Amino acid sequence: MIEIIKTWTTQNDAEEMEFLEDFQKRQESGNWVSYLNGKSVCEISLEDGTHIRSIFEEDGIYRPENLECADVHLSDKCEVGCKFCYANCTRDGKVADIERFISSPWFQSLKPGMEMACNLNEFKGNIDHLEKLLDACKEKGILANVTVEQRTYMKNKEVLHCFQIEGKLFGIGVSVKVIDEYLLKDLEECRNVVAHTITGITPVTGYQKLIANKVKILILGYKDIGRGTQFKVEDESNKIEMNRLALKRYIKFLLDTKVSCLLSFDNLAIDQLGIKDMISEENYGKFFRGEEATCTYFVNAVSMQYALNSLDSENLKSIENKTSQEILKLVRREGGHE
Ligand code: SF4
């Protein structure tokens, strides 16, 4: 789970020495996974998901050869039926063929140390499938994260936590809807669990409860695709916009008053909430993971297709017979990064 990103460029001997000393300390602690990606070193803390990316390029531009994180959609099936669901999930939706996915050249070419964010929604009856995928990830040294919706999490949390203890599941994302005391107690106590909220949907009162209980939060942007488009059209009282503005003010308040909390954002939420204008340029450079499609892309394992990101999921192309590195090159070119 990504909480903090530190990106810096080392261009002189003193900075390189400082990096080597810190790197060695982290390695000796045994709590970090690291790998070389092009001319950069990526490190991930197994304790809290912190990312450190050190770029050893003269111009400071990150040129990864391998995928850093894949955003993988594993199921169109979900019984919750949210009216704003951008993925158009339904109770009759299809789930990915895990055997086919695991044996694909794409999966087989993934490198150790990378992360896979698996969006599973609800997985009634799919535990065996999930375990098969997690076992395959563990075998390849991939750090697998899973996102599930709240009710599914509460029903299956023991199984998910067992997967964490067995070292096959790294982080758990819970898409929260009703923030009650049971959920809060659970999220506060569990290791590497992050509450996922949506800009414009989760009210500020929800954030207040999560922060008061020291829950880690990932704020996602509102996706105006799939059912999200119609839901916005039908929002006559402008609730989505009012929630967005209230959240923006609340984040400004948290920053101004230095309230201790662990917030992270996807790129869409960064845009929708104007986060760049709220923090210094230096901090933004330190914590911003990068433009979409630089080192990540979206994979729909149900249809075996890829796109630049999940927002671009209406522009999917087949992944059949392509390696993850070949697709990264295509995506970087399409995204204007090559
Ligand atoms: S819980 Fe998530 S996947 Fe399920 S309907 Fe709601 S938004 Fe869609």
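FYI, it's all coordinate maths here, none of it is from the lab. Here the structure is a predicted model, which is why all the values come from computation and not from measurement. Quick reminder, even Gly has a Cβ in these numbers, built from the backbone with ideal geometry, and neighbours come from all protein chains shown.
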For this session: Kindly put S40, S237 in sequence by how many other C-beta atoms sit within 10 Å of each C-beta, fewest to most.
Result: S237, S40
For this session: Using DSSP, restrict attention to beta bridges with both residues in the chain and report what percent are antiparallel, rounded to the nearest 5.
Result: 30
Seminar exercise, completed: The computed P(r) of the chain puts the percent of Cα pairs beyond 30 Å at 35
Problem set entry | For the chain, calculated [θ]222 nm from helices alone, where every DSSP H run of n ≥ 4 adds -39500 (n - 2.57) | -11000 deg cm²/dmol
Problem set entry | Of T257, T199, T296, the one that fluctuates the most in a GNM where the chain has Cα springs shorter than 10 Å | T257
Exercise. Who wins for biggest fluctuation among V148, V72, V41 in a Gaussian network model of the chain, springs between alpha carbons below 10 Å?
Worked result: V41
Exercise. At each listed q (0.19 Å⁻¹), what is the log10 of I(q)/I(0) that the Debye formula gives for the range 86-162 modelled as equal alpha-carbon point scatterers?
Worked result: -0.89
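Pairs of Cα atoms under 8 Å, at least six residues apart: use those to get the relative contact order of the chain, whole percent.
20
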Seminar exercise, completed: Under the Karplus relation with 6.51, -1.76 and 1.60 and θ = phi - 60°, whole-Hz ³J(HN,Hα) for the range 58-66, x at Gly and Pro, equal 4, 8, x, 8, 6, 10, x, 8, 10
Problem set entry | Rounded to whole Å, sorted largest first: equivalent-ellipsoid semi-axes of the range 186-338, Cα gyration tensor | 30, 20, 16
Exercise. Going highest first, how would you order 25-38, 170-183, 266-279 by mean Cβ packing within 10 Å?
Worked result: 170-183, 266-279, 25-38
For this session: Bin width 5 Å, alpha-carbon pairs only: give the P(r) of the range 266-338 as whole percents, running from 0 to the bin holding the largest distance.
Result: 3, 15, 23, 20, 16, 11, 8, 4, 1
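Out of the chymotrypsin sites (Phe, Trp or Tyr not before Pro) in the range 229-338, which ones are loop residues according to DSSP with at most 16 other C-beta atoms within 10 Å?
Answer in residue order: F288.
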For this session: Using only alpha carbon pairs under 8 Å that are at least six residues apart, calculate the relative contact order of the range 191-338 and give it in whole percent.
Result: 20
Exercise. When the chain is fully extended, how far beyond the present Cα-Cα distance does K239 get from N31, taking 0.36 nm per residue of separation?
Worked result: 70.6 nm
For this session: Taking H placed 1.01 Å from N in the peptide plane, check which residues at least 5 places from V194 or on another chain put their amide H under 5 Å from its amide H.
Result: I172, G173, V174
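Out of every Cα pair in the range 87-231, what percent are spaced more than 18 Å from each other?
60
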Exercise. Taking the Cα atoms of the range 155-221, what is the range of coordinates along each of the three principal axes, in descending order and whole Å?
Worked result: 36, 24, 20
